[in-house]
Amino acid sequence: MRSGLRLGRRFGWLWGAYGASALGTWLAFGSFELIAIRVLRSGPAEVAVLSSVGAAVGAAVAVPLGPWVEFRRKRPVLVAMDLVRFAALLTIPAAFALGALTFVQLLVVSVVVAAADITFRAASGAYLKTLVPAEHLLVAGARFESTAWTTTIIGPPLGGAAIGLLGPVATVVADGVSYLLSALGIRATGGHEPPPEHREAARMRASDLLDGWRYILADRTLRPLFFNTAVFNGLVMAAQPLLAVLMLGRLGFTPWQYGLAFAAPSIGGLLGSRLARPLVTRFGQHQVLVGSGALRALWPLGLAFLGPGTGGLLLVMGVELGLIFCCGVFNPVYSTYRLERTANDRVARTLTAWAVTTKGSTALLTALWGVLGALLGPRTAIALAGVLLLATPLLLPRHTRANPTTTEAAPGHV
């Protein structure tokens with residue numbers, strides 16, 4: 001459990017691939033919306049559709065891919081999903097160069113990328129379990145988490161500079177190339193991958209699409225965690241557009257102040273991810289999961305008291321720092337907890353169901369809070385989200401159980 005624990009060359013390639021794609025993602029943060037506004041002259045309604053509908057439709061498209069991935073070797077699937085995202089994203093600069101870029105193309109690409117992203121995440125969780133011993137999954141998760149927060153800090157400022165120097169599609173090119181680099185890194189992991197379980201039926205049945213949800217809902221430790229993450233993530237993300245309206249509109253913050261308010265606190269995520277493993281060593285996995293999961297719910301309500309000027313800016317940064325630090329601790333512990341408690345032959349279906357539900361609930365709650373913001377005002381809607389978040393710790397698992405065996409069937413599933 002020492003900080004310098006080596007997880008092997010194959011994990012190193014996977015970690016490097018993750019770092020490349022994560023940096024590309026954050027370099028291109030908000031690029032589709034920027035292109036829609038500045039290049040295609042899209043209005044608020046179209047930008048909202050691009051932000052929410054693309055992800056929601058992509059999640060729906062990914063539903064049948066979970067069972068499909070489960071019974072295939074995961075490394076080729078990971079490489080294929082990276083190449084799909086690379087090819088889809090590069091159609092945008094190509095169309096832009098030819099003067100043929102349309103809003104429909106942006107929407108289609110966002111759907112393809114969202115579906116490929118969910119499929120990649122499902123396959124990567126299963127693949128990670130073949131690379132890393134169970135007792136080192138938390139170490140691996142913490143390294144992924146620290147990489148994610150590092151790229152969150154450096155990616156958007158670099159992306160903004162690249163757009164200013166090279167134009168609006170520059171970061172989309174960088175994002176596409178990052179997926180190509182990720183595919184090459186995953187390909188380089190090499191080694192032997194255990195064969196997947198064989199299907200009992202030659203063809204996929206409609207009922208197979210629900211296997212992931214059946215497994216989650218039948219498990220008394222995964223079920224509450226599933227609802228907790230879906231509701232928590234959805235409410236936090238639903239308040240973000242309203243916070244942007246409040247800060248950039250009524251309170252008069254400048255764009256650079258708005259960016260600083262969320263970029264600088266990301267250092268808390270880096271610190272939290274580094275502390276996750278020592279905290280688990282000292283207090284135990286379940287206690288850290290519940291404790292950090294409860295603490296992260298306390299912070300967002302503070303945004304309802306946001307005011308103008310330096311004091312308001314410091315308030316946002318303080319709230320975000322506390323929230324992100326707690327999430328930095330929670331996320332690797334939660335992802336490890338979930339992997340450990342999911343049988344090896346159910347990982348892809350379970351993670352697909354999890355990601356689809358999280359994306360869907362986020363899209364739904366974002367739309368609902370947009371309506372509430374229009375009816376009640378942004379500040380009141382933000383406060384309502386904060387109050388509801390205070391109840392989410394009640395959904396955290398109260399019990400733990402022994403980890404399932406490799407081929408354990410879903411509880412209650414025949």
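The values are calculated or read from the model by the stated rules, or taken from the named source; none is laboratory data. None of these values were measured; they are calculated from a predicted model. Neighbour counts are summed over all protein chains in view; Cβ atoms, including those assigned to glycine, are modelled from backbone coordinates with ideal geometry. These accessible areas exclude ligands, DNA and RNA; they are computed on the full protein's heavy atoms, side chains included. Shrake-Rupley method; radii C 1.70, N 1.55, O 1.52, S 1.80 Å.
Miscellaneous remarks
- Only one entry in 189, 152, 229, 147 is among the polar types (S, T, N, Q), over 25 Å from residue 77 (Cβ atoms) and open to solvent by less than 40 Å² (accessible area, probe 1.4 Å), namely 152.
- In the set 336, 342, 350, only one residue is open to solvent by less than 10 Å² (accessible area, probe 1.4 Å) and not in a helix (DSSP H, G or I); that residue is 342.
- Condition check for residue 173: assigned to a helix (DSSP H, G or I) and open to solvent by 30 Å² or more (accessible area, probe 1.4 Å): yes
- In the set 27, 90, 101, 106, only one residue is touching a residue at least 24 places away in the same chain (Cβ under 8 Å), in contact with an Asp or Glu (Cβ under 8 Å, 6 or more places away or on another chain) and more than 30 Å from residue 350 (Cβ to Cβ); that residue is 27.
- When residues of region 268-287 are limited to those that are over 9 Å from residue 333 (Cβ atoms) and aliphatic (A, V, I, L, M), the one most open to solvent (accessible area, probe 1.4 Å): 271
- Considering residues of region 33-54 that are open to solvent by less than 30 Å² (accessible area, probe 1.4 Å) and in a helix (DSSP H, G or I) only, the residue nearest to residue 97 (Cα to Cα): 35
- Just one residue in the set 159, 141 is surrounded by 19 or more Cβ atoms within 10 Å (Cβ to Cβ), over 20 Å from residue 355 (Cβ atoms) and not aliphatic (A, V, I, L, M); that residue is 159.
- Residue identified as assigned to a helix (DSSP H, G or I), of a type outside the set (Lys, Arg), at pLDDT 90 or above and more than 25 Å from residue 354 (Cβ to Cβ) among 93, 76: 93
- Some residue of region 108-115 being closer than 18 Å to residue 14 by Cβ, open to solvent by 20 Å² or more (accessible area, probe 1.4 Å) and either of a type in the set (Val, Ile, Thr) or assigned to a loop (DSSP other than H, G, I, E, B) (or both): no
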